[in-house]
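Down below is the structure, laid out as structure tokens.
The values are calculated or read from the model by the stated rules, or taken from the named source; none is laboratory data. Since this is a predicted model, take the numbers as computed values, not measurements. Don't worry about glycine lacking a Cβ; one is built from the backbone with ideal geometry, like all the others, and counts go over all protein chains shown. Ligands, DNA and RNA are stripped out before the accessible areas are found, and what is left, the full protein with its side chains, is counted by its heavy atoms. Shrake-Rupley method; radii C 1.70, N 1.55, O 1.52, S 1.80 Å.
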Amino acid sequence: MEYRRFYQSGARYFFTVVTENRKPILIDHIERLRAAFRLCLSRYPFEIEAIAVLPDHLHTLWKLPDDDADFSIRWMVIKRKFSSGLPSGVVSVSKAKKREKGIWQRRFWEHYIRDEEDWRRYVDYIHFNPVKHGYVSEPQDWPYSSYHQAIRKGWYATDGSQKQDSKT
């Protein structure tokens, strides 16, 4: 099956990235994941507008630079850096040929953000995802998200309600 992705310089994208077989390893290795993001940001800058890391997947919304549309290389760097040094999972022949370790699902899901309403919907989805999965009862209680940064940016009121015209 051929996957076609829409690449647009300077665009915003929502991503979902999942571990292989939904293995709950991300929180246990959160510093490794943060280091992978830092490395990627140093090589291929972009802005993380929202993120939530759960045990077996993460959601994030990025703003790419005006002169760069290649989000795929960024995910390659993040996945490789995170996986480096971790023991391999069960690896199929096709994954072994591509030097994959069986840590991540091979692909990721992306969505091009079309407008302010679309942006708001995905920012909310990201921040309320830990609640949806039953990890916490309020988004501010999940320590592995950008929710508190969003409050500081004025995207939510301090009581967690949405503010109008919040994207900057």
(message) Suppose we filter Ser88, Ser83 for residues that are within 27 Å of Arg38 (Cβ to Cβ), at pLDDT below 95, touching a Lys or Arg at 6+ places or on another chain (Cβ under 8 Å) and open to solvent by 70 Å² or more (accessible area, probe 1.4 Å); which single one remains?
(response) Ser88
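Looking only at region 53-82, count how many residues are assigned to a strand (DSSP E or B) and hydrophobic (A, V, I, L, M, F, W, C).
4
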(message) Considering only residues that are among the hydrophobic types (A, V, I, L, M, F, W, C) and under 16 Å from His148 (Cα atoms), which ones fall in region 37-53?
(response) Ile48, Ala50, Ile51, Ala52, Val53
(message) Testing Ile73 on (1) open to solvent by 20 Å² or more (accessible area, probe 1.4 Å); (2) modelled with pLDDT of 95 or more; (3) more than 16 Å from Arg107 (Cβ to Cβ), one condition comes back false. Which one is that?
(response) (3)
(request) Please specify each residue of region 134-161 satisfying the condition of being within 16 Å of the chain's Cα centre (by Cα) and surrounded by fewer than 16 Cβ atoms within 10 Å (Cβ to Cβ). (result) Pro143, Gln149
(message) So if I check each of His127, His111, which one is open to solvent by less than 60 Å² (accessible area, probe 1.4 Å), touching a Ser or Thr at 6+ places or on another chain (Cβ under 7 Å) and either outside any loop (DSSP other than H, G, I, E, B) or modelled with pLDDT of 95 or more (or both)?
(response) His127
(message) Between a residue in region 107-124 that is within 14 Å of His59 (Cβ to Cβ) and any residue that is open to solvent by 30 Å² or more (accessible area, probe 1.4 Å), which pairs come within a Cβ distance under 6 Å, given they are 6 or more apart or on different chains?
(response) Ile113/Arg12; Trp119/Lys167
(message) So, in region 11-52, how many residues would count as being open to solvent by less than 20 Å² (accessible area, probe 1.4 Å) and either in contact with an Asp or Glu (Cβ under 8 Å, 6 or more places away or on another chain) or assigned to a loop (DSSP other than H, G, I, E, B) (or both)?
(response) 7
